[in-house]
Structures are given as structure tokens and as C-alpha cells.
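Each remark here refers to the structure printed beneath this line.
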Amino acid sequence: MPTNRRILLEIVYLIWMGALPVLFSLFLGYFALANPDFFIRFSTVELILFWISAIFIMGLALCPTTFFALFTGYVWGWAGLLPLIIAYAIASLLGYFMARQMKGEALIELIRVKFKAGKFLANVQAQSFAWVFLARLSPVFPFAITNALMAFLGVPLRQFFIGGTLGMLPRTLVALWTGTQAASWANLLNHPEMLRWQDVASLGMLIISVVGMFVLAKRKA
């Protein structure tokens with residue numbers, strides 16, 4: 001495949017990973033608001049099927065993981081924490097292996113040459129565990145795009161999986177707890193002040209991740 005076409009395909013893939021979650025989360029939020037008891041009445045088999053579906057929903061970038069954690073907290077409370085973490089971890093692997101199929105070589109080479117980012121990319125590859133952890137911790141980096149970029153950079157699977165899962169935990173816990181505090185989606189939407197403490201927590205995680213990335217960037221690969 002010609003290089004220019006390959007770059008275009010890889011860029012479209014990243015855009016899809018960034019835009020599609022917003023659209024799907026709007027649908028999921030509307031459906032939950034209109035059918036508040038639908039998910040609570042699931043049988044054991046239906047719950048298993050739901051969480052299997054959740055793997056693909058998050059892994060294929062159909063819904064932001066933070067929103068999904070908020071939704072889980074609202075519907076099931078803390079009882080949804082363990083299946084959420086398991087689904088999240090498997091979803092990250094799904095996104096990683098999908099991106100590995102895309103390879104991303106043309107896009108990474110473009111970034112390396114066009115923006116003269118060779119040393120930076122080498123730094124990320126050399127300190128991949130810390131970079132993945134901080135990228136997951138930061139509320140700025142979308143789940144699916146982080147999956148794709150780390151796979152494009154050839155980050156080893158072990159570092160990606162462990163660092164990513166640990167980094168995502170604080171964000172997931174904050175969103176899940178917020179969901180448990182919402183008496184209803186309508187109440188949450190009509191009282192956005194309920195989310196202000198979450199904004200403070202997100203700002204704290206953002207500062208930690210930015211400072212951490214700055215320190216890592218200063219280190220030699």
C-alpha cells in the first residue's frame with residue numbers, strides 16, 4: 001500500500017477511536033435514562049453477556065471508559081467494580097492487538113521525521129511501563145487512542161497491560177464512585193455540581209501525569 005494512503009488510513013483509525021465513543025455514550029446515557037430498571041433486572045446469564053459485550057464496547061472505542069465506569073456505578077454500585085476492571089483489562093488487550101494489526105509504521109515514521117521526534121519516541125519505548133501508566137492516569141488521553149499509539153510504538157505487551165491497568169484504576173474508581181452517588185441520571189445532569197469534586201480529582205491526576213511525563217522526557221532513553 002502506498003505510504004500516503006497508509007498514513008491516511010492510520011489517521012482515520014485514530015479519529016474513529018476518538019470520536020465514536022462520544023456518539024455511543026450519548027446513546028447509552030439516553031437509553032439508561034429512559035429505561036432505569038432495564039439493566040438491574042438482568043439474569044446471571046444476561047449479566048455475563050453484558051460484560052462480554054462491554055469488552056467490545058470499550059475495546060472497539062464505542063464508549064469512553066470513564067463514562068462506562070460512571071454508568072456502572074449508577075446501575076450496580078460497587079458490585080460492578082470487579083467485572084468492570086476485568087472487562088477494562090481485556091478491552092485494553094483487544095484495542096492493543098487491533099492496533100498491532102494496523103501497525104502504524106507509516107504514521108510513526110511521519111511523526112519521527114516531520115516533528116523530529118525520534119529521541120522522544122525512543123524515550124517512550126525505553127520507559128514504556130511508566131509512560132503507559134502516566135498516559136492512563138491522565139484524563140486527557142482517551143483510552144482507545146492510548147491503546148493504538150502504544151501498540152504503534154511497539155510497547156511490549158506486559159508493560160502495556162500491567163502499567164495501563166494500574167494507571168487506569170484511579171480514574172475508574174473516581175468515576176464509579178460518582179456514579180454511585182447519582183440518584184438518577186436526570187439528577188446528575190441537572191446538578192452538575194455533583195461532578196465538581198471529580199473535576200478536582202481529575203485535575204490532580206492530570207498534574208501528576210504531566211509532571212511525571214516531564215521527568216521521564218528529561219531522562220535519556
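The values are calculated or read from the model by the stated rules, or taken from the named source; none is laboratory data. Computed from a predicted model, the values in this text were never measured in an experiment. Cβ atoms come from the backbone with ideal geometry, glycine included; neighbour counts cover every protein chain shown. Ligands, DNA and RNA are excluded from the accessible area calculation, which covers all protein heavy atoms including side chains. Shrake-Rupley method; radii C 1.70, N 1.55, O 1.52, S 1.80 Å.
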Under 8 Å by Cβ, and 6 or more places apart or on different chains, what pairs join a residue from the range 196-220 that is closer than 23 Å to L121 by Cα with one that is surrounded by fewer than 13 Cβ atoms within 10 Å (Cβ to Cβ) and modelled with pLDDT of 75 or more?
-> L206/V140; S209/V140
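Here is a list: F97, F115, F56. Which entry is among the aromatic types (F, W, Y) and within 30 Å of K218 (Cβ to Cβ)? Spell out how you get there, then give the answer.
Details: F97 fails: within 30 Å of K218 (Cβ to Cβ); F56 fails: within 30 Å of K218 (Cβ to Cβ).
Sole residue among the options that is among the aromatic types (F, W, Y) and within 30 Å of K218 (Cβ to Cβ): F115.
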Just to be sure, is F42 open to solvent by 60 Å² or more (accessible area, probe 1.4 Å) and at pLDDT 85 or above?
-> no
Of all residues in the range 96-123, which are in contact (Cβ under 8 Å) with a residue 12 or more places away in the chain, hydrophobic (A, V, I, L, M, F, W, C) and more than 13 Å from N4 (Cα to Cα)?
-> F97, M98, A99, M102, F120, L121, A122
Determine whether the range 14-30 contains at least one residue that is hydroxyl-bearing (S, T, Y), modelled with pLDDT under 90, over 25 Å from P170 (Cβ atoms) and open to solvent by less than 70 Å² (accessible area, probe 1.4 Å).
-> no
Residues within the range 96-117 that are open to solvent by less than 100 Å² (accessible area, probe 1.4 Å) and in a loop (DSSP other than H, G, I, E, B), tallied = 2
